[in-house]
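The values are calculated or read from the model by the stated rules, or taken from the named source; none is laboratory data. Model, not experiment: these values are computed from the prediction. A quick note on method: Cβ atoms are made from the backbone with ideal geometry, for glycine too, and the neighbour counts reach across all protein chains shown. Just the protein is used for accessible areas: all its heavy atoms, side chains included, with ligands, DNA and RNA removed. Shrake-Rupley method; radii C 1.70, N 1.55, O 1.52, S 1.80 Å.
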Amino acid sequence: MTNDLARWQFAITIIYHFFFVPVTIGLAFLVAVLQTHWHRTGNPDYKRMTRFFGTLLLINVAVGVVTGLVQEFQFGMNWSTYSRFVGGVFGAPLAMEGILAFFLESTFLGLWLFGWDRLPPRVHLATIWAVFGGSILSAMFILVANSWMQHPVGYKINSQGNAVLTNVWAILVNPTFVWGFAHVLLASLITGCFVMLAVSAWHLRTGEHVESFHRTAKIALIVLIPTIVIQLSVGNQLGVIEAKYQPMKIAAAEAQWTSCKPCSFSAFQIGGGANDQTPTEIIPIPHLLSVLATNMWNGGVTGLHELQSEYQAKYGPGNYVPDVFIQYWSIRIMAYLGSLVLLLSLWGGWLLYKDRLRSSRLFLTLCVWAVVTPFLMNTTGWLLTESGRQPWIVQGLQKTAVANSPSVSSTEIWISLIVFILSYIVLGWADLVLMLRYSRRGMAEADAEVAAPSDEAGAVPALTY
């Protein structure tokens, strides 16, 4: 019971936190692009739009930082056994994330915020690119640690039975990290592009500052189209990597209980799960699972029954099959929404080419509502990754069932879980209200501010409109 509650608490807090991480990375890049355009062209419209979307970035960072701090404390509070076991490996990237990446990002974000009309233009431009760089480093160090949990490398078990790092380079070139990091960065760009596209589409529909928001919609689409195309390829390669090192995860994603060669991929199924091993498959697509899992047309996939027997022989008695229902539907929700995102972005590219983006009310309306799709894709992607590793917290080395803190009671976790949920509801509502408020505000005040000189007393111009 205590272990399950600790898992629920960590799952809720990390999924909530991951709503903000991709937005921070994606918007930081797009705001930097906007400011670069202003620096090169001198067009004040780009400055207005830099500040406009910079406000949304700041709101997101403020809430994201608060939710991220909880993750650091949970390792010691609820997962002390795990922390002792992996501290010799996990501690280094987490420390680097906090000491280097977070302070780099926050320091340069402050310089960018308060440096308008104070720093030289090139230096000020460099600060927002440094913010983007810091956000990438932060994600990198976290994913280094997480990828080690998926595929442990560069370590040894010391005399106390704990893992210690022996090869830093090994964890940096860990295949699960290399492809997982690329996958997360591309997902972040897609998320940022959809936020910018949705806000721009809303203003284009209302007919406010059409030229300004047409520019930002154009930038979002130009970045989005190649990014989603590349993401499909990277996601496929990540699946091949996971099939090699975590075959249970891929077999569960297709509810493949028996080994197959070649293997089909069902569009969806009726039934399924641990208690229904013969679901009704709807529209099986021949060879697709073979391609996704092995990059070969006739590649074979080992079934869950065979893998269960292998794991029991290697690790001892126990159930090593992850939640098949979660795995099966997570990969499909992510893949199907990704396909819709690709189609929507290609449609937007065609409208942009035909100079009809401003007038297509159906496309603009869909863009406003489609902003939720990358968040759903990111969440199901994390569910696929983390749930698919179970029952392991560190693949092949430590099980989740024995990793929690023995001194923490169920009552204590219940209390903290309720507090977290209530706090996150308040924070989420505040973030949503602020994002919507500043997304919908007009640009009249911005026009006046950009045209006005700096305050003689040296006051920093407001960044909100």
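Selection of segment 384-442 for residues being buried (at least 17 other Cβ atoms within 10 Å of the Cβ), among the polar types (S, T, N, Q) and part of a helix (DSSP H, G or I) yields Thr385, Ser387, Thr400, Ser416, Ser439. Of all residues in segment 1-48, those being free of Cβ contacts under 8 Å to residues at least 60 places away in the same chain and among the acidic types (Asp, Glu) number 1.
Mind checking whether some residue in segment 395-410 is closer than 30 Å to Val63 by Cβ, at pLDDT 85 or above and not small (Gly, Ala, Ser)? Yes, there is a match, as at least one residue in segment 395-410 is closer than 30 Å to Val63 by Cβ, at pLDDT 85 or above and not small (Gly, Ala, Ser). Residue-level check: of (1) open to solvent by 20 Å² or more (accessible area, probe 1.4 Å); (2) assigned to a helix (DSSP H, G or I); (3) closer than 22 Å to Met96 by Cα, Trp202 misses just (3). When residues in segment 20-42 are screened for being touching a helix residue (DSSP H, G or I) at 6+ places or on another chain (Cβ under 7 Å), surrounded by fewer than 19 Cβ atoms within 10 Å (Cβ to Cβ) and not β-branched (Val, Ile, Thr), 2 of them pass. Only one of the listed residues (Ala126, Ala139, Ala130) is within 16 Å of the chain's Cα centre (by Cα) and part of a helix (DSSP H, G or I). That residue is Ala139. Across segment 151-197, the number of residues qualifying as part of a strand (DSSP E or B) and either aliphatic (A, V, I, L, M) or under 24 Å from Gly239 (Cβ atoms) (or both) comes to 4. Selection of segment 205-221 for residues being part of a helix (DSSP H, G or I) and open to solvent by 50 Å² or more (accessible area, probe 1.4 Å) yields Arg205, Thr206, Glu211, Arg215, Lys218.
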